[in-house]
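Take a look at the structure set out below.
The values are calculated or read from the model by the stated rules, or taken from the named source; none is laboratory data. Predicted, not measured: the structure shown is a model, and the values here were computed from it. Please note: Cβ atoms are built from the backbone with ideal geometry, for glycine as well, and neighbour counts cover all protein chains shown. Surface accessibility is based on the protein's heavy atoms, side chains included, excluding ligands, DNA and RNA. Shrake-Rupley method; radii C 1.70, N 1.55, O 1.52, S 1.80 Å.
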Amino acid sequence: MLEDFISGKKALFATGVHTELRAQENRNRRVSLIQGNLTANSRSEVLGVSARVYKNGLYGFSSMAEYSASAAEAVLKAATENALFMDKHVPKGKGALPVIQPGNIPLNKTILDTEQKRYIEFCKEVDDYITRTYPKLSSRSVILSADSMEKLLCTSDGYDGHTASPRSYIYLFLNTESASGMPLELFKAVGGSGNFEDRFTDPALIYPEIDKLYETLMRKREGVYAEAGYKTVVLGGILSGMLAHEAVGHTVEADLVMGGSVAGPNLGKRVGSELVNLVDFAHTAFGEQAPLPVYLDDEGTPAEDAVLIKDGILTGYMNNRESAENFGMKPQGNARAWEFSGEPLIRMRNTAVLPGKDKLEDIIASVDDGYYLIDTNNGQADLTGEFMFGVCMGYEIKNGRLARPILDTTISGVAFDMLKTVDMVSDEMVWSSSGFCGKKQPMPVGMGGPALRCKVMIGGR
C-alpha cells in the first residue's frame, strides 16, 4: 500500500489557489493462454506523484515518476509556478472554483498481490476443463487480467482520501464454425471489483459459465441472418448499458457538451420516453455496491450519483469543478485520472438505464415480429448521439416467442430519437464492467441496464 508522503505537504500549498497533490500506483497482472499455450505473462507497476494548481481559469500541472517526500515537494513547486506564471501572462479572470467543504475518505479496499504462478495455474485448470469437456471447438482462449488503481490525495479545499480500486477478470473465448464453415466466436468476462483472491477461489466455480457459453455458441451455429430494416427489438441489458455509456453518456460529459455535443441544446428537453431514466452511479446502486465503486474524484470532490435523464427529460451533465461552475451545477465526483502523470478528466463511473416494471417474458411476448438482441462485441458513437453497435448474439421473435438465433449483425440509430421509442422496460438489471473507456486516457467503467423494447435499424446479410 502507498506510504503517505504527501499529507504533511499542505503547509507548502500557496494561498489563494486551488491545489491538488496526488500520489498514485497502477498495477496490472496479465496471463493469456491460447490453445493451451502461454502467450502472455506480464506484471507492471506505474508509480509517481503529481500536483495541479488552479488560478483564475488556468491550471499548472507537474508530475514525476518517483514517489518520495522530495518528489512531492518538487511537483508542487513546479505546478504552482506554472499556474501563477500563466495567470500573469494569459489572464482569464474566471475566479475561484466551487467550494467543497473539507473531509476525508478513508482507505476503502486493500490491494492484495498474488504470485504470477498462481494466475498461470488457475488459467491452466480452466483451459484443461474446456479441452476435456469440449474437444471439438476450433480454438479457445483463456485470459486473466487483474488491475488496480491506488491513490492518495490531498487538496487545499475539498476532501482528502486514500482509495483503492482493484478488479479481476477471466475472459473466456470459444470458437467454432457454422454448418457452412463460417468462423463463429463468443466470449464472456467473469469477475468484477475486488482482488483476484476475493473473486477466484476455485476454478470449478467458473465451469458453469463455460457450459452456458458453449451451449449458446452451439445454438449460434444454426443462426440465420437478420432481415435488414427498421425493426421492433428487445435490447438486452448489456446492449442498453452500451447505449447508456457510448451513445448517451459521452454526450452529457460537460467538457464534450462545451465541445458541441447534442446534449447542449437539449438540457431540460425530452430526449426519451417517460419510461427512460439514466443515472451515473458513484459507488452504490439499488442498495448494493456498484460494479466499479468511486468514492472520491481527483479534484477532492466526494462522489455522489449524477442524475442525467429523469422520466425522459435531460436533467444534468457529468462535471468537474470548473464545468459545474460554468453550468451552475453541483460537482459530483466525475473528474478522474488514469495514471499519476495524467490530469483529471470528466469520466463516467457506473452509467446505467434504470429498470422499469415489466417482465422480460412479457416484453418478448408483446413482439409479433422482431429481434431479441442479447450481447455486443463492439460499439461506437459520436457527439450527435449517432451510434452503431455490433451484435454477436440474438434471436428472432416470431408471434411473441423466441425463434431462430441470428448471426452477427449491427444496429444503428440516433440515441435521443431511439430512446423516444422505448415503450417497455424490464425490472431486471444487467451490469458490465470488464472493459475500459478510451476518452484520451483509458479508464475502468461500469455500464448497465434492463431490457428495453424499442425501434432501431438492424443490419442484414
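Quick notes on this structure:
- Of the DSSP H helices in the chain, those whose Cα atoms cover at least 18 Å axially and whose Kyte score averages -1.0 or more: 69-89, 207-220
- Magnitude of the charge dipole for region 79-218, about its Cα centre and with charges confined to Cβ atoms of Lys, Arg (+1) and Asp, Glu (-1), is about 380 debye.
- Listed residue pairs exceeding 25 Å between alpha carbons, taken from Lys109/Lys440; Lys117/Lys188; Lys151/Lys439; Lys9/Lys440; Lys94/Lys269: Lys109/Lys440; Lys9/Lys440; Lys94/Lys269
- Per residue convex hull volume, Cα atoms of the chain, in Å³: 144 Å³
- Dipole of region 19-139 [Lys/Arg +1, Asp/Glu -1 at C-beta], most positive-end residue of Met86, Pro102, Gln35: Met86
- Normalised by the number of residues in the chain, the average gap of Cα pairs under 8 Å and 6 or more apart makes the relative contact order 16 percent.
- Neighbour net charge for Leu239 - beta-carbon separation under 13 angstrom, K R +1, D E -1: -1
- Of all lysines in the structure, the ones whose alpha carbon falls short of 16 Å from that of Lys10, not counting any fewer than 8 places away in one chain, are Lys77.
- Normalised contact order of region 290-388, rounded percent, pairs of Cα under 8 Å and 6 or more residues apart: 21 percent
- Basic side chains Lys and Arg get +1 at the Cβ, acidic Asp and Glu get -1 at the Cβ, and with that the dipole of the chain about its Cα centre reaches some 540 debye.
- Across region 94-198, the convex hull enclosing all Cα atoms gives 156 Å³ per residue.
- Dipole magnitude of region 19-60, debye to nearest 20 (Cβ charges: Lys/Arg +1, Asp/Glu -1, about Cα centre): 20 debye
- Within the accessible surface of the chain, defined with a 1.4 Å probe on protein heavy atoms only, the carbon and sulfur portion equals 50 percent.
- Residue-normalised accessible area of region 131-262, expressed per residue, 1.4 Å probe, Å²: 36 Å²
- Cα gyration tensor shape for region 205-290, rounded if a/c is under 1.5, else prolate or oblate: oblate
- Across region 30-37, coupling constants 3J(HN,Hα) worked out from phi with the 6.51/-1.76/1.60 Karplus curve, θ = phi - 60°, read 9, 9, 9, 10, 10, 6, x, 8 Hz, and Gly and Pro carry x.
- Vicinal HN-Hα couplings computed from phi for region 331-347 (Karplus, 6.51 cos²θ - 1.76 cosθ + 1.60; Hz; Gly/Pro x): x, 10, x, 9, 9, 9, 10, 6, 10, 4, 8, x, 7, x, 10, 6, 10
- Summing Lys and Arg as +1 and Asp and Glu as -1 over all other residues whose Cβ lies under 14 Å from the Cβ of Thr410 gives a net charge of -3.
- Label-point separation in nm, Gln35 to Glu361, each point 7 Å along Cα→Cβ: 4.5 nm
- Based on Cα contacts under 8 Å between residues 6+ apart, region 211-308 shows a relative contact order of 17 percent.
- Close amide H partners of Val276, meaning residues 5 or more places away or on another chain with modelled amide H under 5 Å apart, are Gly312.
- Local electrostatic count, Ala451, Cβ distance below 11 Å [Lys/Arg +1, Asp/Glu -1]: -3
- Over the chain, DSSP H runs of length four or greater, each weighted -39,500 (n - 2.57), average out per residue to a 222 nm ellipticity of -5500 deg cm²/dmol.
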